[in-house]
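Here the structure is laid out as structure tokens; the discussion comes afterwards.
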Amino acid sequence: MMFPNNFLWGASTSAYQCEGAATSYGKGLSVMDVSSVFQECGVTDVEVASDHYHRFIEDISLMAEMGFKAYRFSVSWSRILPNGIGEVNEEGIAHYHRVLDELEKHHIEPIVTMYHFDLPLALQDKGGWSNRSTIDAFTEYASVLFSHFGDRIKYWLTINEQNMMIIHGDALGTSSHRKVNNEKKDLYQQNHHMLVAQAKVMQLCHKMTDAKIGPAPNISSVYPATPHPDDMLAASNASAIRNWLYLDATVFGKYNSIAWSFMESEGIIPDIHEGDMEVLKSAQPDFIAFNYYSNMTVQRSRGESITQVKDQQMGESEQGYFESVPNHTLNKNEYGWEIDPIGFRYCLREVWDRYSLPMIVTENGLGAKDILVIGDDNIPTVIDDYRIDYLRAHIKQMRLAIEDGCDVFGYCPWSAIDLVSTHQGMNKRYGFIYVNRDEFDLKDLARYKKKSFYWYQSVISKNGTSLD
Ligand code: BGP
């Protein structure tokens, strides 16, 4: 079994994590530029990051050397609209045109995320997603993007990991920290606004362009800790609350009933305006993009939280509904994230079974403390066999999922180049390309090819037929 001929092999980045130039060239601030998470974790901020803003020509030429068919990156909303709405920053528009020129030159398909965690601060100051007017702001931003780039981009992603911003907003640094009466209700109100905004933007995309558009949640299939029916129910709760709430609303245009009954019991049903549900119903994604790092395992809620560490892949629980537990059949990476390639096949099958829409994997990868060494040719490199093993195992399982009948049209692991990790700064690296800087010492920001660079190059050149 082969990967389809036009399979989109590539990799991903996001604007705030790699661009740098966070306060230059007319860009407005975003919530990530002022996020306290980096300081709390004692890691670098995103002022310079990987300096991709200034070095995209070199970076894209390295991606071309790897044979990339696609590059998934995000546009910084506040670089296009410094205040979130209103005045357009022409320098921002010109920048992304230059990025697209470069990609075109190398025949690399751009896959563009419109919003990857970095809400313009000006909008956050007005209440962010709690404020219904952010729906209009996102639609306005989308219309600016479609009118400037609509004829150059075939694949758009609306919102990166909307589900993680709701569930783990504090850890990601996207929370507004506003004082509200009922924090949880406010979160699910934000979620509703994002769902409506996304639906409007999908409609707009179809009206203004010939491009395809889809959501980009973080999906983890959920295993029950034991075959006990209570654990089975807990797994079903977790899946509904973590995954299907988001995708059902996007694809079927309705709230998942299990998630709805959870919101009802918790007293957190969002205010839904007349016409909202019609908007959700009438919008249709063309594909599902999703990020996969690992699945999760849960048991029935015993009323206390089992894990203390909370990030995108760990420690999720909803008192009364489910509780995450470690899966002892799986190995973990050095940051405690479980490694579950077979679960990747399972997850692809589950999403395919449920929605029957073409899928593209927009994140998957291994974060590690890479060590730069001098290679045979006297050029610095990283011998990242651990990353190669991880990616190989996942790509093999993706191939099996395709054999199972899943329609997967692309794979863009995290990340193309090293960039700032949400909690561990430059310490936790994911890239095929090493960026020569430390946490606080910017060094020369030179690019070095890791061992995985050459490995992935060969995988792509053989279209995934030879993985060993
Ligand atoms: C995803 C985010 C990415 C990236 C990735 C790795 O949830 O979409 O932006 O950060 O996780 O996570 P981390 O940087 O925490 O290791």
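The values are calculated or read from the model by the stated rules, or taken from the named source; none is laboratory data. All of these numbers come straight from a predicted model, not from anything done at the bench. Please note: Cβ atoms are built from the backbone with ideal geometry, for glycine as well, and neighbour counts cover all protein chains shown. Heads up: the accessible areas ignore ligands, DNA and RNA and are worked out on the full protein's heavy atoms, side chains in. Shrake-Rupley method; radii C 1.70, N 1.55, O 1.52, S 1.80 Å.
Would you mention how many residues in the stretch 403-420 are more than 16 Å from the ligand (Cβ to nearest atom) and either of a type in the set (D, E, K, R) or within 29 Å of Asp438 (Cα to Cα) (or both)?
Narrowing the stretch 403-420 to residues more than 16 Å from the ligand (Cβ to nearest atom): 403-410.
Then drop every residue that is not either of a type in the set (D, E, K, R) or within 29 Å of Asp438 (Cα to Cα) (or both), which leaves 403-404, 407.
The total comes to 3.
No other residue among Ser133, Ser175 is in contact with a Leu (Cβ under 9 Å, 6 or more places away or on another chain) and either of a type in the set (Asp, Glu) or farther than 30 Å from Gly425 by Cα (or both) apart from Ser133.
Taking only the stretch 308-326 into account, find how many residues are in a loop (DSSP other than H, G, I, E, B), of a type outside the set (Val, Ile, Thr), within 16 Å of the ligand (Cβ to nearest atom) and out of contact with any helix residue (DSSP H, G or I) (no Cβ under 8 Å at 6 or more places or on another chain).
Start the filter on the stretch 308-326 by keeping residues that are in a loop (DSSP other than H, G, I, E, B), which leaves 308-310, 312-313, 315-316, 319-321, 325-326.
Narrowing the set further to residues that are of a type outside the set (Val, Ile, Thr) leaves 308, 310, 312-313, 315-316, 319-321, 326.
Retained after the next criterion (residues that are within 16 Å of the ligand (Cβ to nearest atom)): 310, 312-313, 315-316.
With out of contact with any helix residue (DSSP H, G or I) (no Cβ under 8 Å at 6 or more places or on another chain) added as a condition, the list becomes 313, 315.
Qualifying residue count, the stretch 308-326: 2.
Within the stretch 367-382, identify whether any single residue is within 16 Å of the ligand (Cβ to nearest atom) and open to solvent by 10 Å² or more (accessible area, probe 1.4 Å), and answer yes or no. Spell out how you get there, then give the answer.
Of the stretch 367-382, the ones within 16 Å of the ligand (Cβ to nearest atom) are 367-370.
After this cut, where a residue has to be open to solvent by 10 Å² or more (accessible area, probe 1.4 Å) as well, the list is 369-370.
Among the residues of the stretch 367-382, at least one is within 16 Å of the ligand (Cβ to nearest atom) and open to solvent by 10 Å² or more (accessible area, probe 1.4 Å), which makes the answer yes.
Among the residues of the stretch 421-433, the ones that are more than 8 Å from the ligand (Cβ to nearest atom) and assigned to a loop (DSSP other than H, G, I, E, B) come to 4 in all. When the stretch 145-204 is limited to residues that are open to solvent by less than 50 Å² (accessible area, probe 1.4 Å) and among the acidic types (Asp, Glu), the one that is farthest from the ligand (Cβ to nearest atom) turns out to be Asp186. For the subset of the stretch 10-32 comprising residues that are touching a residue at least 60 places away in the same chain (Cβ under 8 Å) and surrounded by fewer than 21 Cβ atoms within 10 Å (Cβ to Cβ), which member is farthest from Pro82 (Cα to Cα)? Here the answer is Tyr25. Looking across the stretch 329-366 at every residue that is within 16 Å of the ligand (Cβ to nearest atom) and charged (D, E, K, R), the one that is surrounded by the most Cβ atoms within 10 Å (Cβ to Cβ) is identified as Asp340.
Residue-by-condition table, conditions (1) of a type in the set (Ser, Thr, Tyr); (2) touching a helix residue (DSSP H, G or I) at 6+ places or on another chain (Cβ under 9 Å); (3) not in a loop (DSSP other than H, G, I, E, B):
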position	(1), (2), (3)
Glu278	no, no, yes
Lys281	no, yes, yes
Asp286	no, yes, no
Tyr293	yes, no, no
His328	no, no, no
Gly343	no, yes, yes
Arg349	no, yes, yes
Leu357	no, yes, no
Gly365	no, yes, no
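Being closer than 19 Å to Lys126 by Cα and free of Cβ contacts under 8 Å to residues at least 24 places away in the same chain is not true of Gly173. Being at pLDDT 95 or above, touching a strand residue (DSSP E or B) at 6+ places or on another chain (Cβ under 9 Å), more than 16 Å from the ligand (Cβ to nearest atom) and over 21 Å from Ser239 (Cβ atoms) is the requirement here; does Ile388 meet it? Spelling it out, it is not the case that Ile388 is at pLDDT 95 or above, touching a strand residue (DSSP E or B) at 6+ places or on another chain (Cβ under 9 Å), more than 16 Å from the ligand (Cβ to nearest atom) and over 21 Å from Ser239 (Cβ atoms).
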